[in-house]
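What follows is a short report on a single structure.
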Amino acid sequence: MVSEMQVGVITQTHGIRGEVKVFPTTDDAGRFKKLKEVILDNGRERLTLEIEGVKFFKQYAILKFKGYDSINDVEKYKGAKLCIRREQAVKLQKDEYFIADLIDMEVVTEDGAHFGKIKDVLTTGANDVYVVSREAGTEVLLPAIRECVKAVDVEQGRVTVHIMDGLL
């Protein structure tokens, strides 16, 4: 299970007072309003930053971090990932899973045969679709619906599926 989850990426600075423009990688950008801190990771350093202010502009969240009061303080963080600890994440409903937990899970058929690994999750209007990579190098798109996905075991890292007629 993933211990940290990415919620956004700093795209650029915003103004001259230390604000940054963040592209949200969470399905609800409004949740930035509820966050008190984020973990900044730019590949070279990891910092826990306290959020002092949040506003929104188009599809972006504009964040102001405590103690970062000038454009010069934040310019070096362009492209940095913003993460939260798992315990800060939104509580899931029954049969809901974080995409980060599903990636790289083993996919097995109902009879226990290895089928592949989840490589990606596509979010569509109706239902999610699991992109499963097979050992032959091919990909299969599995709809994340009850008729197809029979069980998800996050602890074991395994998804049990029923291969519906016509899917392969």
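Structure summary
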quantity: Whole-angstrom gap from segment 64-120 to segment 145-168, using each part's C-alpha centre; calculated: 21 Å
quantity: Rg over Rh, two decimals, segment 4-88 (C-alpha only, Kirkwood Rh); calculated: 0.91
quantity: Debye log10 I(q)/I(0) for the chain, one point scatterer per Cα, at q = 0.14, 0.16 Å⁻¹; calculated: -0.79, -0.92
quantity: Cα convex hull of segment 99-161 - mean projected area over all directions, nm²; calculated: 4.1 nm²
quantity: Helix-derived mean residue ellipticity, 222 nm - over the chain, DSSP H n ≥ 4, -39500 (n - 2.57), to 500; calculated: -500 deg cm²/dmol
quantity: Charged-residue dipole, Cβ positions (Lys, Arg, Asp, Glu), segment 27-168 about Cα centre, Debye nearest 20; calculated: 780 debye
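Each value in this text was obtained by applying a stated rule to the coordinates, not by laboratory testing. Note that this is a predicted model, so its numbers are computed, not measured. No Cβ is skipped: glycine too gets one built from the backbone with ideal geometry, and neighbour counts run over all protein chains shown.
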